[in-house]
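Bear in mind that the values in this text are calculations on the coordinates, not laboratory data. Everything numeric in this text was worked out from a predicted model, so none of it was measured. No Cβ is skipped: glycine too gets one built from the backbone with ideal geometry, and neighbour counts run over all protein chains shown.
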Amino acid sequence: MELSACPSPVCLCTEVTLSCTPLAPLLASTFPPFTFILDIEQRAVKPRDKSALSPPALSLASGLIAEMNEQDWNNLDRYFYTYKEKQSETVDPATLDVLFPPETMMDPSLMVGYKDILPFAKAFPFTVGTAHWLVDELYCVNPQCTCHDVTFDFLRIDIPIEGKAHVAQQLTATYDSHRDTFKPQTTPWPGKPTMQTLTQALRKAHPNLATEIRKRRTTLRTLYRKAQRDEHGDTPAPAGPATKISPNDPCPCGSGRKYKKCCGRIA
């Protein structure tokens, strides 16, 4: 049996293809090689795939599913998400067709979440004591903007014995991927980890953080330029918000700097 999954890192399907070949040559005439698709979220043969299977093949597929235990499904999940994560990190962004939010296509100064575009991309998990944390990154995708700032939402995740994990605490900081520095935007709760504690733990868990964030910034901007070309063709794409911005106003890209010292220098 061989496994494969959809190679597109932007496709939201949760399908794994299983190719089955009898090990004994004598069985080949009765059970010729066949392929079927499992939906790992539904834990079932893909509905429209059933009609394409011969009765013996469908019987074997159904029997396989009936024998799979929780550990088997967890292993299949792990294979799928590990594969999709690797595709997200290695794919050439110029080959992807990505849909950005309509408001971002109209106004490139708006921040975009990396996992909103590449949903299977690697997370940045880390721990502080026994608490589990991860970060959610928001990027400026304006191809003309020279800022290196990324908004980091630090999320503490509670993982109960029963039920789903949920966000129990959130702190926000601006990360300068060029200088590898953090600037807090929110104040930690009393008695909770400070931003310095969080950033130290994050860097310890991910020593190549700056390099990976710079790569993601480049990837998103490449995807955004391609999306602009696909949508507008040779027509110039919108350069930013239509409302007038004062030079001393905060830059709409979310960098935290004044407009005149950020995107305003280009405008």
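Overview of results
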| read-out | value |
| --- | --- |
| Sequence-distant residues sharing a close amide H with PHE34 (under 5 Å, placed H) | CYS20 |
| Highest-first arrangement of 65-77, 215-227, where packing means the average Cβ count within 10 Å | 215-227, 65-77 |
| Loop sites in the stretch 99-201: GluC sites (Glu not before Pro), DSSP, at most 12 other Cβ within 10 Å | GLU162 |
| Segments 52-60, 10-18 sorted - mean Cβ within 10 Å per residue, highest first | 10-18, 52-60 |
